[in-house]
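I have placed the structure first, in the form of structure tokens, so that the comments after it can refer back to it.
The values are calculated or read from the model by the stated rules, or taken from the named source; none is laboratory data. Values in this document were obtained by computation on a predicted structure and should not be read as measured data. Every residue, glycine among them, receives a Cβ derived from its backbone with ideal geometry; neighbour counts consider all protein chains shown.
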Amino acid sequence: MKLIDYLISRITLFFTAIMLLWAAVYFLLQMKEIHDGIDEGLTNLKQEFIAKANITPGFVDVLKTCSPPNFVIKEITTEDAKTVVENFTTATVYFPTELEKEEVRMLTTAFRCEQNGKYYQLQFFISTVESDDLIENTLYLLLGLWIALSLTMFVVSKIIVTKTNKPFYLLLDELKRFHPDNNRMIDFPPAKIREYIQLNNTVKELLERNMHVFAEQKMFIENTSHELQTPLAIVVAKLENLLEKYRDNETYVQELAGILNVLNRMKRLNSNLLLLSKIKNRQFADNRTVNLRETLERVIVEFEDLAAYRQIRVEQKGNASPVLQINEDLAHILFTNLVKNAIVHNEPNGKISVRYAPDAITIANTGNKTAAKMFERYQTGANDEKSSGLGLSIVKTIAELYQIKVDYCYEGEMHIFKLATNGNEN
């Protein structure tokens, strides 16, 4: 979830809860005001009725005969009158004129008529139909207001937060495109907020240090590798001369051959370390659309003699020709290391199986299971004097550079490397 969406969702939820609570309280208060108004009208009606009943002879008897629609009067005993408690309730009453029941607000009370000394129970009621319409309209207005405020707050918050965080996202875009070997500082977006200004300054200092360290490290590795190449080549040449000079002395030949093998391995190690450094420093920038099948087929042809010498069969299956935007030399190095690895760690009379899919290439070779752990770590055997130990590390580095997913497994007595060119398994 983006930072903007996170902030806006939290702010919107918080204020929505507050508005819901406020709307509920407001609605309850409005209902109370409406009921209080109705109850006050009923109280006034009761007072007027009792006043007229006490001063007008026969007033109660006349009303009992007329049966008015908005109240009920009933004669009760003195004992019953003492138990009557004046109260307001909401009830349902049938109105003959409307031929239906309606909800009313009712006042129940009792009084003693001074004209005849009798006690009566009174029930005054007022229809709340219009009040219910008012309550319903109020509820709809509150819901409309709540929805409008929520949408407005969401839109306004998104605009404000997006505009406020614009320097942050512009900085992120610049950092995604940054690489220390470009020797170019990123363009920092203008900012007015103190924290973003501090962020720009901090990032600038950090990038400058990284560019400086990167340049020094790059120069050190390249200089060291190049400087080592010359003395190693000189020593190898002198040892070869000594080997030729003392070829009749078997003891010297064995000692010199052992030293020469070690030095040759150092030369390969030095060359591979320099290659790894160049790959990680993105010094192979000439990318183009490369047909990976054609590249792998050329590599297999280059290793035909070695495979034939070790009596290893090479099988190729599938009609697909996956392509990838990659440096052509690195693609050749990638497959060279994988094919060489498949031959070196194979068995006599073994086989290599290559399968082509639209977005993947699988290279499998026969071999014992003891090497499985070594392959999972992208390493080679320490006892292999002809190996620099960096072949699969180079494969992994190239794959990471071009987002190629490399998977290894050991199944059916076969070591299987699968390269998914779209970064996903197929």
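For Ile8, are the conditions met, namely being among the hydrophobic types (A, V, I, L, M, F, W, C), modelled with pLDDT of 80 or more and surrounded by 10 or more Cβ atoms within 10 Å (Cβ to Cβ)?
No, not satisfied.
Taking the conditions (1) of a type in the set (Ser, Thr, Tyr); (2) modelled with pLDDT under 75; (3) over 41 Å from the mean Cα position of the chain (by Cα) in turn, Ser277 satisfies each one other than (3).
Beta carbons closer than 6 Å, at least 6 apart along the sequence or on distinct chains, pair a first residue in region 304-332 that is part of a loop (DSSP other than H, G, I, E, B) with a second that is of a type in the set (Phe, Trp, Tyr) for Gly318/Tyr356; Ala320/Tyr356.
Restricting region 287-303 to residues that are touching a strand residue (DSSP E or B) at 6+ places or on another chain (Cβ under 8 Å) and either part of a helix (DSSP H, G or I) or without any contact (Cβ under 8 Å) to a residue 24 or more places away in the chain (or both) leaves a set whose member that is surrounded by the most Cβ atoms within 10 Å (Cβ to Cβ) is Leu296.
Does Leu42 count as modelled with pLDDT under 80 and within 30 Å of Leu142 (Cβ to Cβ)? So Leu42 does not fit the description; no.
Note on region 341-354: among residues that are at pLDDT 90 or above and not in a strand (DSSP E or B), the one that is surrounded by the most Cβ atoms within 10 Å (Cβ to Cβ) is Ala342. Within region 153-179, residues that are more than 18 Å from Ile193 (Cβ to Cβ) sit with their Cβ atoms under 7 Å from residues that are surrounded by fewer than 14 Cβ atoms within 10 Å (Cβ to Cβ) and modelled with pLDDT under 85, at 6+ positions apart or across chains, in these pairs: His179/Arg282.
Sub-6 Å Cβ pairs linking a first residue in region 42-61 that is touching a residue at least 24 places away in the same chain (Cβ under 8 Å) and not assigned by TED's automatic domain parsing to the domain that holds Ile73 to a second residue that is among the small types (Gly, Ala, Ser) and assigned to a helix (DSSP H, G or I), at least 6 apart or interchain, number zero.
One residue alone among Lys158, Lys166, Lys176 is modelled with pLDDT of 75 or more, loosely packed, with under 13 Cβ neighbours inside 10 Å and among the charged types (D, E, K, R), and that residue is Lys176.
Within region 172-218, the residues that satisfy the criterion of being under 25 Å from the mean Cα position of the chain (by Cα), assigned to a helix (DSSP H, G or I) and among the hydrophobic types (A, V, I, L, M, F, W, C) are Leu172, Leu175, Leu199, Val203. Of all residues in region 365-375, none are within 25 Å of Asn319 (Cα to Cα) and either of a type in the set (A, V, I, L, M) or modelled with pLDDT under 85 (or both).
Please specify each residue of region 308-330 satisfying the condition of being surrounded by 16 or more Cβ atoms within 10 Å (Cβ to Cβ) and modelled with pLDDT under 90. The answer is Ile326, Asn327, Leu330. Residues in region 87-121 that are of a type in the set (A, V, I, L, M) and within 15 Å of Gly41 (Cα to Cα) were compared, and the one that is modelled with the lowest pLDDT is Val104.
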